[in-house]
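**Student:** Below is the structure I would like to discuss, written out as C-alpha cells.
Read the figures in this text as sums done on the coordinates, not as results from a lab. In this text, all values refer to a predicted model and were calculated from it rather than measured experimentally. A quick note on method: Cβ atoms are made from the backbone with ideal geometry, for glycine too, and the neighbour counts reach across all protein chains shown.
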Amino acid sequence: MTKNIFSNFRGNLFGGITAGIVALPLALAFGVQSGLGADAGLYGAIFIGFFASLFGGTNTQISGPTAPMTAVSMVLVAGIIATNNGDVEQALPYILLVFLMAGLMQILLGITGVGKYIKYIPYPVVSGFMTAIGVIILITQILPVLGYYSEEDTTFIDTFKPKAEEVLLNKILQDEAGEGILVLQDFKETISRSEKISEEEVFQESKTLAKAATSGVIGAIKALPRAISNIQWLEFILASLTIFIIYGFKKITTKIPSTLVALLVISAGAYFLKLDYQPIDQIPGGFPIPNLNMFSQFEFAQISPYVFTALTLAFLGSIDSLLTSVVADNMTKTKHNPNRELMGQGIGNSVAAIFGGIPGAGATIRTVVNIKSGGTTKLSGMTAAVLLLVILLALGTIASQIPAAVLAGILITVGIGVMDYKGLKAIPKMQKAEVSIMLVVLLLSVFWNLVYAVGIGLILASIIFMKKIGDLTAGKSSVVSLLNADEFSGAWPDETDFPVKLKEEIFIKRLEGPLFFGYTSDFQKLALEIPEMATHVIIRMGKSPYIDQSGLYAMEEVLMEISRKGIKPMFEDLQPQPRAMMERIEIIPNLVPPELIFKDFSAALAYSRKNIQDVV
C-alpha cells in the first residue's frame, strides 16, 4: 500500500499542488454561498480532500465542496438558521449535525454496497437537478454582483421593525411560559420585560429578518429591483472583471487556472489601490478546532426534520463522486472501487462536519487537473488538502481581504458551467414524458425545494417507466392464441409443428417481460379470453424472468378462474424466480402440479400428443 501511494512521488506532488491551487478560490466561494462563510468552504476542502483520498476507492480523485452539494447545503443552512431566530452561532451545532449525519449515511451506503445502484437514477432527474443548481447559483449571486447586501440597507431594515418587535415579544412570552409564569395573570412582568428591549436589539432582529427575506431564489428576485436602484458600481465592476478574466485568460493558456488568476489579480488590485470594497468574512487563523458543541447540545427534535435532506446530501455526494470516478477511470485506464469510494467520501464529510466544514464530493474539474498534472495515486489528493491547510495557516488573514464581489463573479461562472446544456439541447428530440420530468425537477428545485424536487422527479420517472414496461409487456403478451391455422399468426417458431387434431383443444399464452404490478390488470384478462371449448392452456414463461407479489397473486387468481372452468393450466420453460415464488404460496403444486411444468415446448408438445384427446 505504502509503495503504491508514494510511487511517482514527483508527479503526485505536482498534481496535488496544482489541484489545490484550483480548489482554493472555489472552496472560498462555495463557503460564502453556503451561508457559513469562506472558512467553512476551506475546512470542507481540507478535510474531505484528505480523508476521501486516504480511504476512498479512486486513486486520483480530488474531493471538496461542489456546486450541487453547496446548493443543497445553502437551503439547509438557511432553514436551520431561520428556526434558531437568525442566530448563526446557535444554529451551527445543528447544521453540522445534519452534515455529520449525511457523512455517516454515505459510509453506510458504501458498507451495504448501494454504490452500484446509484447508476439507475434517471438522466432527466439528474439533468433537471444540475440545471437547477446552475440557475439557483446565478440568481442568488445577482445581489452580491450588484453590491447589494440587505443587512446594510437601513431603509429596508427599518421596514421590518414592527415584525422584529413582534418576534422579540414572542421570545419574552416563550421565556415566561418556560419559567411557569401565567402571562394573563401577571402581565406586568411581560410589560416590564418588553420595556427593557433596546433599540439595538430591535435593529439586530430587523437586520436578521431583512437578510432572511432576501435569501434564496425567491428572496433574490423580490430584492432585485431594490438592488438595481442601489447598485454599487465598484462591486459590479470587480465582479465583471473577475468573470472577464476567468473566460478571457483561458484563451491565452489553460496551464494556469484562470479562476486563480482572477482571484489574485482582482483582489491584489483592489487591496493595493485601497478601494472601498466589501471584503469576505474574517477567516479565523490557526488550525481548525473541532466543534464539540454539536454533541453536547444535541437535540434530535432540532435535526429530525432534516433527515431526508441529509439522505439527499448523501446520495447527491455519492452520485457526484462516482461520476467523477468514472471520468478518472477513463483517463487513467484504471477501475475504481465504488463502495470503498462512498466510504471514503463519507469519512471525509463526517470529519469535515466535526471541524465546521461544508459537505462535498469528488470534483470532476479538479480531478482532471490532477491527472493532467501527473497525479496517479492517493498522495496527490492528500497533497492538495495539505496545501490548502498551509494556505489557511499562513495566509488566512490575507485571504480575509478578498473582495466579496470576486467570489460572486467566480460563482457566476460556476453556475453557468454546471448547467446540463446537453440535456437542454436535446429537449426537442426527447420524449414528452422525459422532458416533463426534467422541467418539473428544474422548476421545483429552483422555486420550491431541491430535496423534494428530486424525490418527486424520481417518483414520476418510476411511474412513467413502470407504465412503459407494463404497456410493452402487455403489447407483447396480449394475444391468447387458439392453435388453429386461422388464428395462429403470432406463433413462435417452435409452435408450428403442433398436432392438427389438438389445435382446438389447447390455447397458448405467451409472456414477454416481467409479470409485475404494472401489468397485472392486463394479465388477469386471460381468464376471460379463453373460450369454453378449451381443455388446456399452455402459459409460456421463458421470457418472463421475474414476478413480483402483485403478479404472483394475479397469476393465482387467473389459474383458479380457469381451473373452475375445467381448463388445465400448463407451464413451459418456467424461470427459477417465478417458480420459487409460486412454490412459496403453493400455486405449485395445488394449481399446477409438477407434471404439468415442462422444460421446453417440445416436452409440452410430447405430453399433449400422448395425454390430450380430441374431444370433437
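**Student:** Taking a cut-off of 26 Å between Cα atoms, list the lysines near Lys432, but don't count ones fewer than 8 places away on the same chain.
**Tutor:** Lys119, Lys422, Lys467, Lys468, Lys476
**Student:** Sorting Asp320, Asp87, Asp329 on the 10 Å Cβ count, fewest up front, what's the list?
**Tutor:** Asp87, Asp329, Asp320
**Student:** If each residue's Cβ is checked for other Cβ atoms within 10 Å, how do Ile62, Ile437, Ile289 rank with the fewest at the top? Can you show the working numbers first?
**Tutor:** Working: Ile62 35, Ile437 26, Ile289 10.
With the sparsest Cβ surroundings first, the list reads Ile289, Ile437, Ile62.
**Student:** How would Ile280, Ile464, Ile231 line up from fewest to most surrounding beta-carbon atoms within 10 angstrom? The partial results should precede the final answer.
**Tutor:** Details: Ile280 22, Ile464 17, Ile231 13.
Neighbour counts put them in this order, fewest first: Ile231, Ile464, Ile280.
**Student:** By the scheme Lys and Arg +1, Asp and Glu -1, what is the net charge of all other residues having a beta-carbon under 10 Å from that of Phe203? Numbers along the way, then the final one.
**Tutor:** Details: positive: Lys161, Lys207; negative: Asp158, Glu199, Glu200, Glu201, Glu205.
Once all neighbours under 10 Å are counted, the net charge is -3.
**Student:** Within the set Lys333/Lys372; Lys543/Lys565; Lys565/Lys599, which residue pairs have Cα atoms separated by over 20 Å?
**Tutor:** Going by Cα-Cα distance, Lys543/Lys565; Lys565/Lys599 fall outside the 20 Å limit.
**Student:** Longest exposed-loop-site-free stretch of the chain, with GluC sites (Glu not before Pro), DSSP loop and at most 15 other Cβ within 10 Å?
**Tutor:** On the way: sites that count: Glu179, Glu299, Glu532, Glu586.
The longest such stretch corresponds to 300-531.
**Student:** Around Ser373, under 13 Å between beta carbons, what's the net of Lys plus Arg minus Asp minus Glu among the other residues?
**Tutor:** Result for the neighbourhood of Ser373: +4.
**Student:** Ignoring everything except DSSP H segments at least 4 long, calculate the 222 nm mean residue ellipticity for the chain; use -39,500 (n - 2.57) per segment, divide by total residues, nearest 500.
**Tutor:** -21000 deg cm²/dmol
**Student:** Also, quick follow-up: On a straight-distance basis, which lysines could pair with Lys207 in a cross-link, Cα separation under 22 angstrom, same-chain partners fewer than 8 positions away excluded?
**Tutor:** Within the straight-line limit of under 22 Å, Lys207 reaches these lysines: Lys161, Lys163, Lys171, Lys196, Lys222.
**Student:** Which far-off residues, 5 or more places away or on another chain, put their amide H under 5 Å from the one on Val537, with H placed in the peptide plane?
**Tutor:** Phe507, Lys568, Met570
**Student:** Moving on to the next point. Exposed loop trypsin sites (Lys or Arg not before Pro) only (DSSP loop, at most 15 other Cβ atoms within 10 Å): please give the longest stretch of the chain free of them, not including the sites.
**Tutor:** 1-195
**Student:** Cβ under 10 Å from Thr58's Cβ, Thr58 left aside: what net charge do those residues give with Lys, Arg +1 and Asp, Glu -1?
**Tutor:** Computed value for this residue: +1.
**Student:** Scattering from the C-alpha atoms of the chain alone, worked out with Debye: what is log10 I(q)/I(0) at q = 0.05, 0.09 1/Å?
**Tutor:** For the requested q values the scattering log ratios are -0.34, -0.81.
**Student:** Where the centre of each part is set by its Cα atoms, how far does the stretch 324-348 sit from the stretch 135-154, in angstrom?
**Tutor:** Using only Cα atoms to place each centre, the spacing works out to 36 Å.
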